[in-house]
Amino acid sequence: MSDSPAGTPRLTLRPEWTALEDHRKDALPQPGLRELFAADPGRAERYVVHVGDLRIDYSKHLVTDETLALLQELAAAADVSGLRDAMFRGEKINVTEDRAVLHTALRAPRDAVIEVDGENVVPDVHAVLDKMAAFADRVRSGEWTGHTGKRIRNVVNIGIGGSDLGPAMAYEALRPFTDRELTFRFVSNVDGSDLHEAVRDLDPAETLFIVASKTFTTIETITNATSARSWLLDGLGGDEKAVAKHFVALSTNAEKVAGFGIDVDNMFEFWDWVGGRYSYDSAIGLSLMIAIGPDRFREMLDGFRIVDEHFRNAPAEANAPLIMGLLGIWYGNFHDAQSHAVLPYSHYLSKFTAYLQQLDMESNGKSVDREGNPVDWQTGPVVWGTPGTNGQHAYYQLIHQGTKLIPADFIGFARPVDELSDELKAQHDLLMANLFAQGQALAFGKTAEEVRAEGVPEEQVPHRTFRGNHPTTTILATALTPSVLGQLVALYEHKVFVQGAVWNIDSFDQWGVELGKVLAKRVEPALTEGADVPGLDPSTAALVAAYRTLREV
Ligand code: F6P
């Protein structure tokens, strides 16, 4: 642990921070969104930023021009742009792991030059993409066959965290673009039921396993991969040679891949400068590439790149990830908001918020700064949400009338991408009407006078009043194409970056997941072998004993 960098006051002591605190207090009682729009109707057009195909409307936020200017001053004081440029240059901004943070290199054009330790990484990125494309084409065309000569019809991705959530989310998101002749399954949980359900109706002779693990040491993945290999060999008569035709690996660790028994020729590489939660546009996306084809995958990478370039070059006041990050800071640090909801109005984005949970919470769930000092400011929010309109009939009640402030992002599309019947196509307007109505109700609420004017009995008026002033961002795009998905993911990646930069935390390590892993290994022998675990705390020892007893009943 050391002091903040020489000459830099702690975040909360900076004049730009205290100016925001004063602004928040001075503005109390805060003008509500009704008043803000009445005084400045132009904000509906002014507080909109366009990036690629995304139209990002942040007019329904509890901010004025002054708030935004003060937030930008905070970002400037925290040198967000300096850290951003260092990231894009390949500097080792992941300080606790002494690593570069270069997921942006995964979507750089072929002729770009991005150096890590003096070596240009872009040719390697494209070599792997080309190898993935060749393999994906062979599987899609039926040229790659299994051990018995049958063509591959099922692809099972085995991975967890970043090696699962990204490809699983993107596969769902881009389903209309997938080869419907192929079946895709994603196995992550060490609960044996996950693998069991994934393979129970599959023919091993037609099944390809993609073992996705950056480290190739993750216990869940290696355990599932080992069980998958047994399932395969049992189904194919036990010939070990079958493994080469039915298993490929996505990893940074060739040695461990070989040790597992997968031919390293069937390994698709990535590098330690790609964080797990930032990896699905690397080799980790192989299952997705097989599903949608290499051209669509490249379109998705182009979408990522559009937002990378915007983040790098757009002026601060029109920089979407910067603005979204700062708005989150406004609520988390100056309004005591604890969580952030992401509410996609698209069935295909059913896994998007779960994906963002790892991206955001594993990145910014930190309580020491980059120098190791405890922080005395709030860091990353709890991220949650599910697709609309389902959430409206579940938890929106709490957002509308509960006691918590929950900033939310709505994501919607002008038209569906899939081939729907006219009747189903018409439902899209209803879906979007709900999105717009929710944003409106959350922002402007319903006053007691308005409720009374409807003839509601007086005793019910408080129950039927909506206070409004719930801030939302509305992200609109034409359709959920591969490029648009890439744009959306990059938007959130950089938003998370901005917040971590302002909070002066290392957004790229994840030491917090280690302790549980170590303890699980220590406890496991007590369950499997009945061994004594020295030093086990009384509560956990009692749970273990109860489990052992119940297991025998
Ligand atoms: O949960 C910790 C973590 O290291 C994540 O960051 C990562 O995405 C996941 O485990 C899987 O790791 P690996 O790809 O090395 O198996």
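The values are calculated or read from the model by the stated rules, or taken from the named source; none is laboratory data. Fair warning: this is a prediction, and the values are worked out from it, not measured in the lab. Counting neighbours? That spans all protein chains shown, and the Cβs are built from the backbone with ideal geometry, glycine included. Please note that ligands, DNA and RNA were not included when accessible areas were found on the heavy atoms of the full protein model with its side chains. Shrake-Rupley method; radii C 1.70, N 1.55, O 1.52, S 1.80 Å.
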**Prompt:** Which whole-number percent is the relative contact order of region 188-347 (Cα, under 8 Å, 6+ apart)?
**Reply:** 15 percent
**Fill in**
To the nearest 10 degrees, the tilt of helix 320-334 (Cα long axis) against the first principal axis of the alpha carbons of the chain is 70 degrees
**Asked** Shape call for region 513-552 from the C-alpha gyration tensor, a ≥ b ≥ c root eigenvalues: rounded (a/c under 1.5), prolate (a/b greater than b/c) or oblate?
**Response** prolate
**Fraction in percent of alpha-carbon pairs per bin - 5 Å, region 104-292** = 1, 8, 18, 21, 22, 16, 8, 4, 2, 0
**Request:** Would you compute, from DSSP H runs of 4+ residues alone, the mean residue ellipticity of the chain at 222 nm, taking -39500 (n - 2.57) per run and dividing by the full residue count, rounded to the nearest 500?
**Result:** -14000 deg cm²/dmol
**Prompt:** Where only protein heavy atoms count, and the probe is 1.4 Å, what is the accessible area per residue for region 359-447 in Å²?
**Reply:** 49 Å²
**Request:** Report the GluC sites (Glu not before Pro) located in region 210-264 that are in a DSSP loop and have at most 13 other Cβ atoms inside 10 Å of their Cβ, or state none.
**Result:** E240
**Complete:** In the chain the accessible area split gives carbon plus sulfur, as whole percent at 1.4 Å, a share of 52 percent
**Complete:** Over region 104-292, with neighbouring protein chains present, the accessible area per residue in Å² at probe 1.4 Å is 37 Å²
**Message:** Please report, in whole Å³, the volume per residue of the convex hull around the C-alpha atoms of the chain.
**Reply:** 202 Å³
**Prompt:** How big is the antiparallel share of DSSP beta bridges in the chain, given as a percent to the nearest 5?
**Reply:** 30 percent
**Asked** For region 355-411, what relative contact order do you get, as a whole percent, if you take Cα pairs closer than 8 Å and at least 6 residues apart?
**Response** 27 percent
